[in-house]
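Notes for the one structure printed next.
Any read-out appearing in this document is the output of simple, stated calculations on the displayed coordinates, not a laboratory observation. These figures come from a predicted structure and were not determined experimentally. Please note: Cβ atoms are built from the backbone with ideal geometry, for glycine as well, and neighbour counts cover all protein chains shown.
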Amino acid sequence: MIEHIKRARLRGRDGLWDIALSGGKVTAIDTSGASVSEGNVESASLTGTTVDAGGRLVCPPFIEPHVHLDAALTAGQPEWNRSGTLFEGVQRWAQRKAFLSVRDVKSRALRAIQWQVASGVQFVRTHCDTTDPKLTALHALLELREQLADVVTLQIVAFPQEGIVSFPRGEELMVEALKLGADVVGATPHLEFTRDDGVRAVKTAFDLAERFDRAIDIHCDEIDDEQSRFLEVVASEAHHRSMGQRVAASHTTAMGSYNDAYAFKLMRLLSLSGISFIANPLVNIHLQGRFDTYPKRRGLTRVKELLAAGCNVCFGHDDLFDPWYPLGTANMLQVLHMGLHVCQLMGYEELSDSLKLVSSNSAKTLGLTDYELEIGSDANLIVLDAIDEYDAVRRQSAVLYSLRGGRVIAETKPSSTSVNFDGQSVPIDFSHRREAGEGA
């Protein structure tokens, strides 16, 4: 067990800090008596019960607020999604579902979770398809949730991929999933057969959440259709039932196609409702805009405007090497990198405050407590190979150590690179500290 972290940089605090850990908790945070060169780092090390951060950034672990672990690592099985559309992805997954087994799902999901943990993720909300009469994947993920509780916290969403109303026994299967132990109620209103079916699906999801005392996470308006307006239904239900703090709207990509007059009117309701938003930049930019010629839409919700309106927004992967997305390594900094570009959050202040989109904001979405790094909080921490948030985002910095309850659960050894100039081998450091006199 780790008892001390020395010479750490912390978000929002100047200088270096020493952190004491005991009994799985943070017991003290004090100004460090040691130092490193200004704007630089020294070797990070693990010796006995002490991690010497060497001037690197220490912060709470990353959070994956939206992923489909039941479908992870199935790309190309039995066929590739050749059109790259959401709808063909649904078709390919329907084919793959016929071959699911508990062993199959657990094996693939376990590997994906290992990727996540290696990348500094310790909290995961995964959607699990309930439009399978046997609920095979749910049984597998429920087993993994218990088996891996000491390294990762899994929240499982009962997710009706093919609809609550439109799929045979859709609502009955949702009820069964919640009775078995699913943590969150899902819905897919834009994939129901009709607008009325979609509205009914949203209301059913809220009814189930109240009945079983669960949070809600709805795949909402994941389409380029500017007439797909289930977000207003979700926000209205959340507002009238005073449930906003437990409600998340995932994707909401149609919002990027709404006319500005309607979007302006909608924003007031969204602010009043208190719901959270989960955008999935890698997959949204890949799947959406597929029916456009030019100009092509970005396919993301209005992240910048939602943040400006005071709404809680976070970023997720959505998919990892599956029928909807043929790439992915579970690294949240890749998600953040894409999101910052596509949402044009590229100002210095925006970049320097951007880790919240894969950490603090996600914690609020998932309803986590004891998450932030403070005295008395759980000793769940990561050491990033960076001096600050800006540096971590620019260089996609590695997570050198990930601690769960004070125990090291993942470790990365930094690579080294050199180039040959004029017959000499020159070591390359991709970090950059502006020297005095380099300009304003």
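Arranged by the count of other C-beta atoms within 10 angstrom, fewest first, what order do 25, 134 take?
On the way: 25 16, 134 12.
Fewest to most other Cβ atoms nearby, the residues stand as 134, 25.
Skipping prolines and chain starts, which residues have an amide H placed within reach, meaning under 5 Å, of the one on residue 250, given they are 5 or more residues away or on another chain?
Close amide H contacts, sequence-distant or interchain: 218, 219, 220, 278.
With a ≥ b ≥ c the root eigenvalues of the C-alpha gyration tensor of the range 123-268, is it rounded (a/c under 1.5), prolate (a/b larger than b/c) or oblate? Please list the in-between numbers first.
Working: a/c = 1.93, a/b = 1.61, b/c = 1.20.
Prolate is the answer for the range 123-268, as a/c is 1.5 or above and a/b outweighs b/c.
Going by alpha carbons, how many degrees (0 to 90, nearest 10) lie between the helix axis of 86-97 and the longest principal axis of the chain?
Between the helix axis and the principal axis of the chain, the angle is about 90 degrees.
Return the percentage of antiparallel bridges among DSSP beta bridges fully within the chain, rounded to the nearest 5 %. Working shown, then result.
Values: 30 of 63 bridges.
Just about 50 percent of them are antiparallel.
Sort out for me the Cα centre separation of the range 126-148 from the range 180-214, rounded to whole Å.
Centre-to-centre distance over Cα atoms comes out at 18 Å.
For residue 228, enumerate residues with amide H under 5 Å from its amide H, sequence gap 5+ or separate chain, H modeled in the peptide plane.
none
Place a +1 charge on the Cβ of each Lys and Arg in the chain and a -1 charge on the Cβ of each Asp and Glu, then give the dipole magnitude about the Cα centre in debye, rounded to the nearest 20. Don't skip to the end; give the middle numbers.
Numbers: 45 positive and 58 negative charges, 76 e Å.
Once rounded to the nearest 20, the dipole reads 360 debye.
So what is the 222 nm mean residue ellipticity for the chain from helices alone, if each DSSP H run of at least 4 adds -39500 (n - 2.57) and you divide by all residues, rounding to the nearest 500 deg cm²/dmol? Spell out each step's value before the answer.
Values: 13 runs with 138 residues, N = 440.
Computed mean residue ellipticity for the chain: -9500 deg cm²/dmol.
Which of the lysines could a cross-linker bridge to residue 134, judged by Cα under 18 Å and excluding same-chain residues fewer than eight apart?
Straight-line reach from residue 134, under 18 Å: 97, 106, 179.
Using only Cα atoms, find the angle between the long axis of helix 332-342 and the longest principal axis of the chain, and express it within 0 to 90 degrees, rounded to the nearest 10.
70
Within the chain, what's the longest run with no chymotrypsin sites (Phe, Trp or Tyr not before Pro) in a DSSP loop and at most 14 other beta-carbon atoms within 10 Å? Give the range, please.
Numbers: sites that count: 80, 99, 193, 291, 430.
By the stated rule (loop sites, at most 14 other Cβ atoms within 10 Å), 292-429.
Taking the dipole about the Cα centre of the range 19-121, with the C-beta of Lys and Arg at +1 and of Asp and Glu at -1, give me whichever of 53, 117, 89 is farthest to the positive side.
89
Show me the ranking of peptides 299-306, 149-156 by mean Cβ neighbours inside 10 Å, starting with the highest.
Output ranking for 299-306, 149-156: 299-306, 149-156.
Among the lysines, select those whose C-alpha is under 23 Å from the C-alpha of residue 6, and discard any that sit fewer than 8 residues away in the same chain.
Answer for residue 6, where 23 Å is the Cα cut-off: 25, 413, listed by chain and number.
In nm, give the distance between the simple-model label positions of residue 149 and residue 411, each being 7 Å from the Cα along the Cα-to-Cβ direction.
Going by the 7 Å Cα→Cβ label model, 2.8 nm.
Could you tell me how far the Cα centroid of the range 258-319 sits from the Cα centroid of the range 60-88, in Å?
Taking the Cα centre of the range 258-319 as reference, the centre of the range 60-88 is 20 Å away.
Tell me, in nm to one decimal, what length is gained between residue 35 and residue 176 on full extension, where the rule is 0.36 nm per residue of separation less the Cα-Cα distance? It would help to have the intermediate numbers written out before the result.
On the way: separation 141, 0.36 × 141 = 50.76 nm, distance 5.68 nm.
Here the answer is 45.1 nm.
Quick one: 3J(HN,Hα) in Hz for the range 52-67, Karplus 6.51/-1.76/1.60 with θ = phi - 60°, rounded, Gly and Pro as x.
Karplus values, whole Hz, x for Gly and Pro: 9, 6, x, x, 8, 7, 10, 8, x, x, 6, 10, 9, x, 7, 8.
Using a Gaussian network model on the chain with a 10 Å cutoff between Cα atoms, which of 253, 194, 131 fluctuates the most?
Looking only at 253, 194, 131, the largest GNM fluctuation is found for 194.
Between beta-carbons, use under 15 Å as the cut-off and find the net charge around residue 107, counting Lys and Arg +1, Asp and Glu -1. It would help to have the intermediate numbers written out before the result.
Details: positive: 96, 103, 106, 108, 111; negative: 70, 104, 143, 322.
Taking every other residue near residue 107 into account, the sum is +1.
Under the Karplus relation 6.51 cos²θ - 1.76 cosθ + 1.60, θ = phi - 60°, what is the ordered set of whole-Hz ³J(HN,Hα) values for the range 235-251, x standing for Gly and Pro?
Along the range 235-251, the couplings run 5, 5, 4, 4, 5, 5, 9, 6, 10, x, 5, 10, 10, 10, 10, 8, 6 Hz.
Using only Cα atoms, tell me the angle between helix 102-118 and the longest principal axis of the chain; keep it within 0 to 90° and round to the nearest 10.
Roughly 30 degrees between the two axes.
Under a GNM of the chain (C-alpha, springs under 10 Å), which listed residue has the highest mean-square fluctuation: 52, 388, 207?
Among 52, 388, 207, the largest GNM mean-square fluctuation belongs to 207.
If we count every other residue with Cβ under 11 angstrom of residue 67's Cβ, Lys/Arg +1 and Asp/Glu -1, where does the sum land? Mind dumping the intermediate values first?
Values: positive: 125; negative: 64, 70, 318, 319, 322.
Neighbour charge sum, excluding residue 67 itself: -4.
Could you give me the ³J(HN,Hα) list for the range 362-371, computed from phi with Karplus coefficients 6.51, -1.76, 1.60 and θ = phi - 60°, whole Hz, x at Gly and Pro?
5, 4, 5, 4, 7, x, 7, 10, 6, 8
What does the charge count around residue 323 come to, taking other residues whose C-beta lies under 14 Å from its C-beta (Lys +1, Arg +1, Asp -1, Glu -1)? Don't jump to the answer; show the numbers that get you there.
On the way: positive: 82, 92, 96, 97, 108; negative: 70, 79, 88, 129, 162, 318, 319, 322.
After counting each charged neighbour, the total is -3.
What residues qualify as long-range amide H neighbours of residue 153, i.e. H under 5 Å apart, gap of 5 or more or another chain, H built at 1.01 Å from N?
For residue 153, the qualifying residues are 123, 124.
Testing the spin-label approximation: label points 7 Å from Cα along Cα→Cβ at residue 377 and residue 134. State their distance in nm.
Going from the residue 377 label point to the residue 134 one covers 4.3 nm.
Please work out how much length the chain gains when fully extended from residue 28 to residue 213, using 0.36 nm per residue of separation minus the C-alpha to C-alpha distance, in nm with one decimal. Don't skip to the end; give the middle numbers.
Details: separation 185, 0.36 × 185 = 66.60 nm, distance 3.57 nm.
So the extension gain works out to 63.0 nm.
For the chain, modelled as a GNM with alpha-carbon contacts under 10 angstrom, which of 227, 161, 288 fluctuates the most?
227
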